[in-house]
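Here is the structure we will look at.
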Amino acid sequence: MTEQSGQGQTLDNLLTESRTFPPTAEFAAQANATAAMYDQAAEDRAAFWAEQAGHLHWDTPWDQVLDWSNAPFSKWFVGGTLNVAHNCVDRHVEAGNGDRVAIHWEGEPGDGRTITYAELQREVSRTANALTSLGLVAGDRVAIYLPMLPEAIFAMLACARLGLTHSVVFGGFSAEALRSRIDDAQAKLVITADGQYRRGKPAPLKTAVDEAVARTPSIEKVLVVRRTGIDVDWSDGRDLWWHDLVDDQPDTHTPAAFDAEHPLFILYTSGTTGKPKGILHTTGGYLTQTAYTHRTVFDVKPESDVYWCTADIGWVTGHSYIVYGPLANGVTQVVYEGTPNTPHEGRHWEIIAKYGVTIYYTAPTLIRTFMKWGKDIPAKFDLSSLRVLGSVGEPINPEAWIWYRENIGSNRTPVVDTWWQTETGAIMISPLPGVTAAKPGSAQTPLPGISAKVVDDQGNEVAKGSGGYLVLDQPWPSMLRGIWGDEQRYRETYWSRFADQGYYFAGDGAKYDADGDIWLLGRVDDVMNVSGHRISTTEVESALVSHPTVAEAAVVGATDATTGQGIVAFVILRGGVAQDEAKGADAIKALRDHVAKEIGPIAKPRQIMVVPELPKTRSGKIMRRLLRDVAENREIGDVTTLADSSVMDLISTGLKAGS
Ligand code: ATP
Ligand code: MG
């Protein structure tokens, strides 16, 4: 490989995007966020965050906003005490909003439940009393392994109310994944359900708990919600039905206040790049930033909005933007139990029309799936209530962004592309609706109070128009407080790469455009090196998705004798595209030429393969490392966090048949 000066150090800046969508005057006039907030936060960050924390109810005020003397371990709102559940539930009732709907819960089979804030207070109180009756005390850990049921939210809030640290494990994970997470946290209780609905059918859930708990000595009790009514094995003395234990508890409970740094939860990362990390979040700073970002990025008006975040509570998005942020802000929200195509591919749009959803927050993987299903499906529903759309989880390809705004947002709504991680706890980089002129595909600007930079190998900030590594150069309130039980891994993973500067290394590549806006370019581990040019997977994928036949693309660098790495692309076609024709040599050549035209000849894929599916984590992120194994004819690596393990077989056999 030829060594060309500078090119080994930063990412080549390839794709450009000239479309912008400034806010309308009407939206700007009513927006929660203002341009002045950026200046205000830059002038005095501590004062800015103190003001945001002031939106919460504190039992004891803090003495110090930030203690960073023991970096990289931060303390925020030192000396302050508060109760998270009181902030998310009781104070709204006390303020006279007990009759406001907190949750419109929509079950997959079509059943539902409407829960007001007053009812939520009673349910959380009952649950807290039940957990206390089991002998659990503040500081104990509780595993929650539940589908998207109201009880999952009651359980999380009851833990928060009692100072129990919850560890939510996604209900699609295996017994072994559950076991290792229970063990790592030494949880005493696991809360689960008999079964869960998956694509219209009840599937067992408790069986995985039985299997896991047989090998987790820390577990004393298993609390079981009856959801599907399927048969379960029962271990007397260990297993308890939720309806037996919780329903008859007193429906009042007086919460105690906890230290701002009391551990609120442990949550494992998605495992896109390797073994999941048990991320620890605490109380005051976390709630401050989730509430603040939810208020400003989504422009929520608790009196009138109906908000819907489609994430699962097993992911951080579900923690921060279904449970803590929205409920701290006292909004009305939709919580949906099921999959987007049960019983039909318009289910989400049907739900939006039914409840008059005004704010919708989802992931690029789903947006691209909707593109694949075709725009005729959303066109059949009344989506006129929507006023803000959000995206999170992966870089959103500009074309998917445009599709989302046009077909879901009626060409009218702002779209906020929110960059953050399990580790950051809350949104860090995002446009502000009403303030930012949005650029499709770019997360654009660190929020007021947040600081991020794009730096080169040495940690020097790169120039406008250049790419490099995304770092966070200032601590933030909802930052992780460590990896549970593994201080060394915490220091190594996030703080060793730019130790001299003291920057948090996010693990993502990014670039500044000519205006200084930030574009996320995918994982640093995924960056390709073609003839000495460092090329981002995201840019090539976005170029492919901008072709009218392509719904989704995943790109990897495979070892190449002449260029170092060659670009190999896997694409999924859009709905309505004639599959056989699109797989033909002419069509593939047209796609390769399209990439060359969009971003330059250097980015032209060596090989393009049409596939029916892509390997994704359970949280919907593309796992490029597995595709790299395919492209390099290797044994496929660890697939334990893969959503559907048959996908890799589909891809491998499809390719063998096609070659
Ligand atoms: P692991 O760290 O175990 O590999 P993970 O990084 O997928 O898993 P999460 O914390 O769920 O776990 O995901 C955070 C990552 O998701 C970010 O680091 C980034 O790569 C990606 N991401 C999230 N939102 C965006 C966005 N708006 N634009 C680009 N990338 C995003
Ligand atoms: Mg990560």
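The values are calculated or read from the model by the stated rules, or taken from the named source; none is laboratory data. All of these numbers come straight from a predicted model, not from anything done at the bench. Note that we place each Cβ from the backbone using ideal geometry, even for glycine, and neighbour counts take in every protein chain shown. SASA here: full protein model, heavy atoms, side chains in, ligands and nucleic acids out. Shrake-Rupley method; radii C 1.70, N 1.55, O 1.52, S 1.80 Å.
Projecting the Cα atoms of G485, F498, P446 onto the charge dipole of segment 404-545, computed from C-beta unit charges around the Cα centre, puts P446 farthest toward the positive end. Distances between placed amide hydrogens fall under 5 Å for D560 paired with Q565, G566, all partners being 5 or more residues away or on another chain.
Using a probe of 1.4 angstrom, how much of the accessible area of the chain is carbon and sulfur, in percent?
Working: 11240 of 23430 Å².
For the chain, the apolar C and S fraction of the accessible surface comes to 48 percent.
For segment 500-551, would you read off the P(r) tail past 12 Å as a percentage of all alpha carbon pairs? Result for the distance tail: 71 percent.
Once you sort the root eigenvalues of the Cα gyration tensor of segment 261-366 as a ≥ b ≥ c, which label holds: rounded (a/c under 1.5), prolate (a/b larger than b/c) or oblate (the other case)? Since a/c reaches 1.5 but b/c is at least a/b, the shape of segment 261-366 is classed as oblate. Full extension of the segment from E26 to Q458, taken as 0.36 nm per residue of separation minus the current Cα-Cα distance, would add 151.0 nm. For segment 506-519, backbone phi angles converted through the Karplus equation (6.51, -1.76, 1.60; θ = phi - 60°) give residue-by-residue couplings of 7, x, 10, x, 7, 9, 9, 8, 4, 8, x, 6, 8, 10 Hz, Gly and Pro being listed as x.
I want the local charge near V571. Using Cβ-Cβ distances under 12 Å, sum +1 for each Lys or Arg and -1 for each Asp or Glu among the other residues. Don't skip to the end; give the middle numbers.
Details: positive: R368, K372, R574, K583, R592; negative: E541, E552, E613.
Result for the neighbourhood of V571: +2.
What separates the Cα centres of segment 74-129 and segment 591-623 is a distance of 44 Å.
A 1.4 Å probe run over the protein chains yields, for segment 4-114, 49 Å² of accessible area per residue, whole-number rounding.
For helix 284-297, what angle does its Cα long axis make with the longest principal axis of the chain, in degrees from 0 to 90 and rounded to 10? Taking Cα atoms only, the helix is inclined about 60 degrees.
To the nearest 10 degrees, how steep is helix 175-185 against the longest Cα principal axis of the chain, on a 0 to 90 scale? The two axes meet at around 60 degrees. Residue separation of T207 and W495 scaled by 0.36 nm, minus their Cα-Cα distance, works out to 99.7 nm of gained length. Taking amide hydrogens as placed 1.01 Å from N in the peptide plane, the amide H of E552 sits under 5 Å from those of I572, each at least 5 positions away in sequence or on another chain.
Starting from the eigenvalues of the Cα gyration tensor, five times each then square-rooted, give me the equivalent ellipsoid semi-axes of segment 376-446, largest first, whole Å. Write out the running numbers ahead of the final one.
Details: eigenvalues 103, 32, 26 Å².
Over the Cα atoms of segment 376-446, the semi-axes work out to 23, 13, 11 Å.
With a Förster radius of 45 Å, plug the Cβ-Cβ distance of S174 and T60 into 1/(1 + (r/R0)^6) and report the FRET value to the nearest 0.05.
On the way: r = 43 Å, r/R0 = 0.95.
E between S174 and T60, to the nearest 0.05, is 0.55.
The alpha-carbon atoms of segment 424-522 define a convex hull whose volume equals 100 cubic angstrom per residue. The angle between the Cα long axis of helix 398-407 and the longest principal axis of the Cα atoms of the chain comes to about 60 degrees, rounded to the nearest 10.
For segment 38-160, a crude dipole built from +1 on the beta carbon of Lys and Arg and -1 on the beta carbon of Asp and Glu, taken about the Cα centre, is about 320 debye to the nearest 20.
Provide the net charge surrounding W403, with neighbours chosen by a C-beta distance below 14 Å and charges set as Lys +1, Arg +1, Asp -1, Glu -1. Could the numbers behind the result be given before it?
Details: positive: R19, R368, K372, K375, R405, R574; negative: D376, E399, E406, D417, E552.
Its environment carries a net charge of +1.
Counting DSSP beta bridges with both partners in segment 113-240, what percentage is antiparallel, nearest 5? Don't skip to the answer; put the middle values down first.
On the way: 4 of 18 bridges.
Of the beta bridges lying entirely in segment 113-240, close to 20 percent run antiparallel.
Using a 10 Å cut-off on Cβ atoms, rank the peptides 422-431, 242-251 from the highest mean neighbour count down. Please report the intermediate quantities before stating the final value.
Values: 422-431: 26.0, 242-251: 15.5.
So the order, starting with the most tightly packed, is 422-431, 242-251.
Shape class for segment 101-230, computed from the alpha carbon gyration tensor (a ≥ b ≥ c): oblate, with a/c not under 1.5 and a/b at or below b/c.
Straight-line reach from K301: taking Cα to Cα under 17 Å and skipping same-chain neighbours fewer than 8 places apart, the aspartates and glutamates in range are E26, D99.
Seen from G112, the other residues with C-beta closer than 15 Å to its C-beta sum to a net charge of -3, counting Lys and Arg as +1 and Asp and Glu as -1. Note on W241 and R412: the extension gain reaches 56.8 nm, defined as 0.36 nm multiplied by sequence separation minus the Cα-Cα distance. Computed on the Cα trace of segment 24-160, the radius of gyration divided by the Kirkwood hydrodynamic radius gives Rg/Rh = 1.05.
Residue by residue, segment 347-353 carries 3J(HN,Hα) couplings of 4, 4, 6, 5, 5, 4, 5 Hz when phi is fed to the Karplus relation 6.51 cos²θ - 1.76 cosθ + 1.60 (θ = phi - 60°); x denotes Gly or Pro. The DSSP beta bridges internal to the chain are antiparallel in roughly 60% of cases. The fraction of all Cα pairs in segment 198-351 landing in successive 5 Å bins from 0 to the largest distance is 2, 7, 11, 13, 17, 20, 17, 10, 4, 1, given as whole percents. Express in % the proportion of alpha carbon pairs of the chain at distances exceeding 50 Å. It works out to 8 percent of all Cα pairs.
Projecting the Cα positions of W349, T216, Y286 onto the charge dipole of the chain (unit charges on Cβ atoms of Lys, Arg, Asp and Glu, taken about the Cα centre) puts W349 furthest along the positive direction. Using the alpha carbons alone, the radius of gyration of segment 225-288 stands to its Kirkwood radius in an Rg to Rh ratio of 1.12. Here the calculated FRET efficiency for A36 and D231, from their Cβ-Cβ distance with R0 = 51 Å, stands at 0.25, rounded to the nearest 0.05. In a simple Cβ point-charge model (Lys, Arg +1; Asp, Glu -1; nothing else charged), the chain has a dipole of about 960 debye relative to its Cα centre.
If you take the Cα centroid of segment 285-324 and the Cα centroid of segment 150-223, the two points sit 23 Å apart. Taken about its Cα centre, segment 136-262 carries a charge dipole of about 460 debye when Lys and Arg each add +1 at the Cβ and Asp and Glu each add -1 at the Cβ. With the highest mean first, a sort of the peptides 75-86, 219-230 on other beta-carbon atoms found within 10 angstrom per residue produces 75-86, 219-230.
Find, to one decimal place in angstroms, the Kirkwood hydrodynamic radius of segment 324-465, where the mean of 1/r is taken over every pair of different Cα atoms and then inverted.
When all Cα pairs of segment 324-465 are included, the Kirkwood radius is 16.5 Å.
Under 18 Å from the 7 Å Cα→Cβ point of T562, by amide nitrogen: which residues of segment 606-634? Label zone hits: 606-608.
Please work out the ratio of the alpha-carbon Rg of segment 535-659 to 2.2 N^0.38 Å and round it to two decimals. Kindly include the intermediate steps, with their values, before the conclusion.
Values: Rg = 13.8 Å, N = 125, 2.2 N^0.38 = 13.8 Å.
Rg over 2.2 N^0.38 Å, computed on Cα atoms: 1.00.
Counting only lysines at least 8 places from K275 when in the same chain, those with an alpha carbon closer than 28 Å to its own are K75, K188, K206, K221, K453, K511, K616, K621. Reported to the nearest whole Å, the Cα centre-to-centre distance from segment 510-569 to segment 416-445 is 21.
Projecting the Cα atoms of Q607, V595, A554 onto the dipole axis of segment 507-654, where Lys and Arg carry +1 and Asp and Glu carry -1 at the beta carbon, places Q607 farthest toward the positive end.
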